[in-house]
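See below for the structure under consideration.
Read-outs: derived from the displayed coordinates by stated rules, not from any lab. Keep in mind the model is a prediction, meaning the values are calculated, not measured. Backbone-built Cβ (ideal geometry, glycine too); neighbour counts: all protein chains shown.
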Amino acid sequence: MTFPNPLLPGFNPDPSVVAVDGVYYLVTSTFEYLPGIPVYRSTDLADWTHVGNVASRPGQAGVAEVPTGGGVWAPTIRYRDGMFYVIVTVAMSPRGCVVFTATDPAGPWSDGTTLDGINGIDPDLAWGDDGTAYVTFSGLATGGEQAGRHLGIQQARVDLTAGKALEEPRSLWSGTGLKFPEAPHLYRRDGRWYLLIAEGGTERGHSVSVARGPAPQGPFEGCPANPVLSARSTSRPVQNTGHADLVAGPGGGDALVLLGMRPLGATQAFSPLGRETFITPVTWTDGWPQPEPVRLAARDDAVEEAFDFAGPAALGDPGWIAVRTIPAAVASVAGGRLSITGHAGLDDPRPQFVGRRQRHLSAVVSVTVDAADGAGGLAARYDEDHWVALEARGPVVTARARLAGLEQAWQATVAPGEVELRMELSPPPDGFTPAALGGDRIRLLAGGTLLAELDGRYWSAETCASFTGRVIGLYASQGTVRFGGWRYRGSDAGTRDRGDTFIP
Ligand code: 6LW
């Protein structure tokens, strides 16, 4: 089997996948962004369509008050008896461990039921042969007095209808001793139960380990070859590989869908797009899964995306996201214009911003802006403390770069009326020059004039440490700003594993 990799580029961490009647559905984490939990659909496990989002109504995920990096962590999608289930932790929030259901994965999804007694992250849902529902999770406390405490991988039988654990969580096998055993998934296969987990942390040490046992509650025995997958201490172009879910491919072979990153440059230090979804084939030896190292094989086709805001349907595209609220609460669309009324800046935890995931390392994003009645423009955002923007206010456009409380600005006066704002993003050059050791290039242009060229290392996952990814979008910080003609062109053509990459 050959797959494109990344499978789902851009901010798409912690993937979970289920196959039902030859159709695959995949979900990923969204943290403080809404709508939450994108649902991607595929019939071949290679080409995916974003068909909807689980948490399309603000009350479902309840992320209005979560701290940055909190919110929707690591959903699991499963299917049983005509019903799809997504179980997820809304971290650092009283919402806790929530189960959503739907008969159509495109939605609508239920309001969600909190499961009392499951205190941790990364919940998995599995049913035993007798129909008992088991939630297996990582016993990390993300709030309260116990915040930071980690009890390893735990499990409890649950009543999904009543919304409660039926027992005190029990400890299961928790890996080989690497840090943060997490992302457990349970599978039944050939008369055995397999417990797949991640360990080593979501950074460069990220790994996949596996154990097996006779029953869903164990006892579990670890695979002698653990961790069965990791890119740690290698120069592979896809790093941080872990947090995996197992699925049968259309050709009969198995695959892991998993989290990975594409750190750039000779030192592989900075990943502009954050944690993405990858895939790798799995073979079985002596009843143990052996995943292949994750290969980089980006799609060669360029992606062109255009929104002309002719009618409200433009914002109905499931790829628009906003911060701690839904896009429709921030922006409105009519007559070929998207309008945003602003009352806070991008440094506010609730900016008036709607955006889309940057999915390609080479991308050009442009929009026209009319800022006669306000201030706002085009921004690439990681969080409230890490963003770059082209901000128009009347005839003046300011390029602004914000990084951990530091800010710099470059100003230009352009002709009054509508002006084109444009962001050009590209990987660093090859080699060992200072530029080659940094992040991607970010060029900020207004009306065709270059205002600033920045080293994207400061707006990359490793610097921002915010779990999310780069989101590029439109905002207003004051008054009403009108936008026309959104264009995104992205390409990763030719980015593949180099022949000289050493794969043991
Ligand atoms: C997630 C944990 C992790 O819950 O990071 O990659 C956390 N691993 O499994 C947030 O994505």
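Overview of values
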| quantity | calculated |
| --- | --- |
| Rounded to whole Hz, the Karplus (6.51, -1.76, 1.60) HN-Hα couplings of the range 158-164, x for glycine and proline | 10, 9, 5, 6, 6, x, 8 |
| For the range 1-80 versus the range 206-247, the gap between their alpha-carbon centres in whole angstrom | 21 Å |
| The range 353-392 shape via C-alpha gyration tensor axes, a/c threshold 1.5 | oblate |
| Between the range 322-347 and the range 177-205, the Cα center-to-center distance that results, in Å | 40 Å |
| Three-way shape label, the range 225-273, alpha-carbon gyration tensor, a/c 1.5 | prolate |
| The chain - percent relative contact order, Cα under 8 Å, separation 6 or more | 14 percent |
| Cα-derived Rg over Rh, computed across the range 298-374 with Rh taken as Kirkwood radius | 0.98 |
| Semi-axes of the equivalent ellipsoid for the range 258-337, Cα gyration tensor, largest first, Å | 38, 17, 14 |
| Rg/Rg_globular for the range 134-268, with Rg_globular taken as 2.2 N^0.38 Å and Rg from C-alpha atoms | 1.14 |
| Approximate spin-label separation residue 350-residue 300, in nm, with each point projected 7 Å along Cα-to-Cβ | 4.9 nm |
| Phi-based couplings in Hz for the range 197-210 (Karplus 6.51, -1.76, 1.60; Gly and Pro marked x) | 9, 9, 8, x, x, 6, 8, 5, x, 3, 8, 10, 10, 9 |
| Radius, Kirkwood style, for the range 171-224 when every pair of distinct Cα atoms is counted (Å) | 11.2 Å |
| Modelled FRET efficiency - R0 41 Å, residue 430 with residue 221, Cβ distances, 0.05 increments | 0.35 |
| Residue among 377, 322, 340 farthest towards the positive dipole end of the range 314-379, charges placed on Cβ | 322 |
| Compactness of the chain - radius of gyration and Dmax, Cα, Å | 22.4, 72 |
| Gyration tensor (alpha-carbon) shape descriptor, the range 16-291, a/c threshold 1.5 | rounded |
| Karplus-derived 3J(HN,Hα), 6.51/-1.76/1.60, for each residue of the range 415-426, Hz, glycine and proline x | 5, x, x, 6, 10, 8, 9, 8, 10, 10, 10, 8 |
| Residues whose placed amide H lies under 5 Å from that of residue 32, excluding near-sequence neighbours | 69, 72 |
| Distance from the range 360-401 to the range 272-293 (C-alpha centre basis), Å | 38 Å |
| Coarse-grained scattering of the range 303-491 at q = 0.08, 0.15, 0.18 Å⁻¹, given as base-10 log I(q)/I(0) from a Debye sum over alpha-carbon atoms | -0.22, -0.82, -1.22 |
| Gained length - residue 111 relative to residue 43, 0.36 nm times residue gap less alpha-carbon distance | 21.7 nm |
| For the range 370-440: span of alpha carbons on each principal axis (Å, largest first) | 46, 25, 16 |
